[in-house]
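Notes follow the structure.
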Amino acid sequence: MAENEIAIEVRDVTKSFKVYLDKGAQLKERLLFRKRSKYEERKVLRGISFDVKKGEAIGLIGHNGCGKSTTLKLLTRIMYPDSGTIKLKGRVSSLIELGAGFHPDMSGRENIYTNAAIFGLTKKEIDARLDDIIEFSELADFIDNPVRTYSSGMYMRLAFSVAINVDADILLIDEILAVGDANFQAKCFNKLREIKAQGTTIVIVSHSLGQIEQICDRSIWIHEGLIKAEGPPKEIDLEYLDYMSRKRQELMKAAEAGSEKEETDENEQGKRWGSGQARIKRVRSFSADGTEQSAFRIGEDIKLVVDYTVKKPVDDAVFGVGVFDLNGIQCYGTNTRIDKVPDFVIDKDGTVEILLKKVMLLGGTYNLDIAIEQGEGIPVDYYRQAHKIEMISAEGDAGVFRIEHTWDFQR
Amino acid sequence: MSTIKELYDYRQMIFSLVKKDLRGRYKGSVLGFLWTFINPLFQLIVYTIVFSKILRNDVPRYYLYLFVALIPWIFFSSSITVGAASIISQKDLVKKIYFPRMVIPISYVTSCFVNMLLCFIVIFAVIIVTGAGINFVAVLTLPIIMIVEYIFALGMAMLSSAVTVYFRDLEHILGIVSMAWMYLTPIVYSKSIVPEKYLPIFNLNPMTPIIECYRTVLYDKQIPDLSTLLIAAALGVFFLIFGALVFNKLQKHFAEEL
């Protein structure tokens, strides 16, 4: 059965790096300071095994330093495992270092030959692919100019075109598709799909879970040198996101704990104004199930809890909230007057909860402004960037927020 | 065996690296490719002045006597000394992309070899211009001598390039070694003036018969006794296999060491 043929077989692979504390590479140093060349062994992979079937696409995910890039380097045979075996069937091409061996003084055409030769192509094979490569790169007009005259986008386009036209049986990709403009990215993506349909096995390492979900049949989550989970990307990616969100939460808390004191007065200048009759004491965000967190997945409910203190009663009080992206664009804003909340007076310290339902903001960091005003917009305490939330989205849709939608073709 | 097949698959890469090396070596210098010839010519002039005018010897046409030995020697010595740094100088490639690592020493030695071939054009020009004369039958044995030298040089380059990755001093040590080696090989003098008791050592040096053969063909205009090359050829093959084995073992950690 050709369908179930194994293209990549990884068995119990371990890898550690020696981190030299003080390395002497010279004879003198080796002899004189033999004891000094101490090193720490850092185990990056602690025994991972997986198979990839021919024509399958898998995504390796995990946080920085988890060992996914090392795994990919082992697959490309740039490095070798300390123990365990890796078997690959067929020609391997990698989109890890695009443009390896490019010579700036040589023309685009000559560089195609040099670069493709590094992938193990013979002159004849390159001749046969030359037109495809040039066409795909969209650089026909510049192909005889030296590569140093290219813009970085053109450079990457040429490099990508070579790598993807190698006709490899196994394609290894590390954080791609940051290549060129949106059009070219889409083209690369389509090409990848096409290649996959032709039966090429693909392994992708990426932080962009959206890309993985679009191409891969399976995700493998590597955590601290071990496979933590594997399965359909949609499930594994969510599990991974969940974990990351919890982790980030902890980090943010730690950072907050460290900086709480300084934040009181000086840092607030220019970020905070108003009469001061009442003051916002603290802003927290909670998930629907009541755990305090500041990273949320798209579509989740977010509960904002605002504690305030009152020095002098404020009658005709208005509470407001504004959501801004990092470019300072307001994504949403409202207040109790707009929402026609009956007039009220705040005369003692209290807490207000704002429940934001199904927040459809796309992935990224957002600043929240919280304000207490009086009457027709007299600021009592306007607090810019009072809180920060992180949105996580695995899909590739673009914009500020998601519009729920369906596609329906009338044929 | 699979290594050889893989190297064959990567032949285009070897070609293109050789081409790049030959074209890129003198890029930006005014005289450009001419340096390939100027360098050995100046060495030749210096040695000729020192050894035939100052130290005096009775070898007729000493410049030619020296020239036909010097050019093959330069090929060999640059293969091992500059070749030692060849992996390090390609570290960007080695760290980032897979290809059989042997491609690097092979293409470096090959580009030195091509350089030597080009210099042979100059040798023949000198022979013709000075009317020294050529024995065409003897010249037909030249390729055999060259191949033996190439094999030996390649084996040594594999050893030196792989070990230098781990032990950078080797590059400089080899500079000294190659100078000593040159004077221990009959290049500026003839083997016949070597005292008898030292001869066994000289015969162990594979470069001795190789250089002698070049000289027999081009200077003495005689068909060399190729059997003297047998030991050199055997040693060459030995070093090539040994070099390749060591290289294969050491190359696994290149990416981490560089």
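Every read-out reported here was derived from the displayed coordinates using simple, explicitly stated rules and does not represent laboratory data. None of the values given here were measured: they were computed from a predicted structure. Heads up, the Cβs are rebuilt from the backbone with ideal geometry, glycines too, and the neighbour counts pull from every protein chain shown.
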Exercise for review: Mind counting lysine pairs for me in segment A:318-411? Cα separation below 26 Å, and the two need to be 8 or more apart along the chain or on different chains.
Suggested key: 5
Study note, to complete from the structure: Listed by chain and number, the residues whose amide H is under 5 Å from that of A:I96, excluding neighbours fewer than 5 places away on the same chain and using placed H, are A:D174
Exercise for review: For segment A:274-392, give the share of DSSP beta bridges that are antiparallel, in percent and rounded to the nearest 5; count only bridges with both residues there.
Suggested key: 95 percent
Review point. Given a cut-off of under 8 Å on Cα pairs at least six residues apart, what relative contact order in percent is computed for chain B?
Key: 27 percent
Exercise for review: Give the cross-link partners of B:K221 among the aspartates and glutamates, using a straight C-alpha distance below 17 Å as the criterion and excluding same-chain residues fewer than 8 apart.
Suggested key: B:E212
Review point. What list of ³J(HN,Hα) couplings, whole Hz, do you get for segment A:195-204 from phi and the Karplus terms 6.51, -1.76, 1.60, once you set θ to phi - 60° and write x for glycine and proline?
Key: 4, 5, 4, 7, x, 7, 7, 10, 10, 10
Check your understanding: Once both axes come from the Cα atoms, what is the angle between helix A:233-259 and the longest principal axis of chain A, in degrees from 0 to 90, rounded to 10?
Key -> 50 degrees
Review point. How about segment A:373-411: which chymotrypsin sites (Phe, Trp or Tyr not before Pro) there are in a DSSP loop, with at most 16 other Cβ atoms within 10 Å of their Cβ?
Key: A:W407, A:F409
**Study point:** Shape call, segment B:130-194: gyration tensor on alpha carbons, a/c limit 1.5
**Key:** oblate
Point to revise | Fraction of antiparallel bridges per DSSP, chain A only, in percent to nearest 5 | key: 75 percent
Practice item. Can you bin segment B:142-258 into rounded, prolate or oblate? Criterion: square roots of the alpha carbon gyration tensor eigenvalues sorted a ≥ b ≥ c, rounded for a/c under 1.5, prolate for a/b above b/c, oblate for the rest. Key: prolate
Exercise for review: Considering the convex hull of the alpha carbon atoms of segment A:83-198, report its projected area averaged over all viewing directions, in nm², one decimal.
Suggested key: 7.9 nm²
Check your understanding: To the nearest 10 degrees, how steeply does helix A:123-137 sit against the main Cα axis of chain A, on a 0 to 90 scale?
Key -> 20 degrees
Exercise for review: Report, as a whole number in µm² per second, the diffusion coefficient that Stokes-Einstein gives for segment A:286-411 at 37 °C and 0.692 mPa s using the Kirkwood radius over alpha carbon pairs.
Suggested key: 204 µm²/s
Study note, to complete from the structure: Per-residue Cβ contact counts at 10 Å, fewest first, order B:T228, A:T200 as B:T228, A:T200
Check your understanding: What angle, in degrees between 0 and 90 and rounded to the nearest 10, separates the Cα long axis of helix B:62-84 from the longest principal axis of the Cα atoms of chain B?
Key -> 10 degrees
Review point. Given just the C-alpha atoms of chain A, how large is their convex hull per residue in cubic angstrom?
Key: 246 Å³
Exercise for review: Convert each backbone phi in segment B:37-53 into a coupling constant with the Karplus relation 6.51 cos²θ - 1.76 cosθ + 1.60 (shift: θ = phi - 60°), then list the ³J(HN,Hα) values in order as whole Hz, x for Gly and Pro.
Suggested key: 9, 5, 4, x, 4, 5, 4, 4, 4, 4, 4, 4, 4, 5, 8, 10, 9
Point to revise | Residue-by-residue Karplus 3J(HN,Hα) for segment A:298-310, coefficients 6.51, -1.76, 1.60, Hz, glycine and proline x | key: 4, x, 7, 7, 10, 10, 9, 10, 10, 9, 9, 10, 10
Practice item. With 23 Å as the limit, write out which pairs from A:K247/A:K303; A:K123/A:K187; A:K15/A:K228; A:K73/A:K253; A:K43/B:K96 have Cα-Cα distances beyond it, or answer none. Key: A:K123/A:K187; A:K73/A:K253
Point to revise | Mean Cβ neighbour count within 10 Å, used as a protection proxy, ranking A:294-303, B:13-22, A:340-349, B:103-112 highest first | key: B:103-112, B:13-22, A:294-303, A:340-349
Point to revise | Within 10 Å of each Cβ in B:97-104, the average number of Cβ atoms from other chains | key: 5
Check your understanding: Taking amide hydrogens as modeled 1.01 Å from N in the peptide plane, which residues meet the under 5 Å criterion relative to A:L362, leaving out close sequence neighbours?
Key -> A:F401, A:R402
**Study point:** Under-5 Å amide H pairs with A:R282, H placed in peptide plane, nonlocal only
**Key:** A:D307
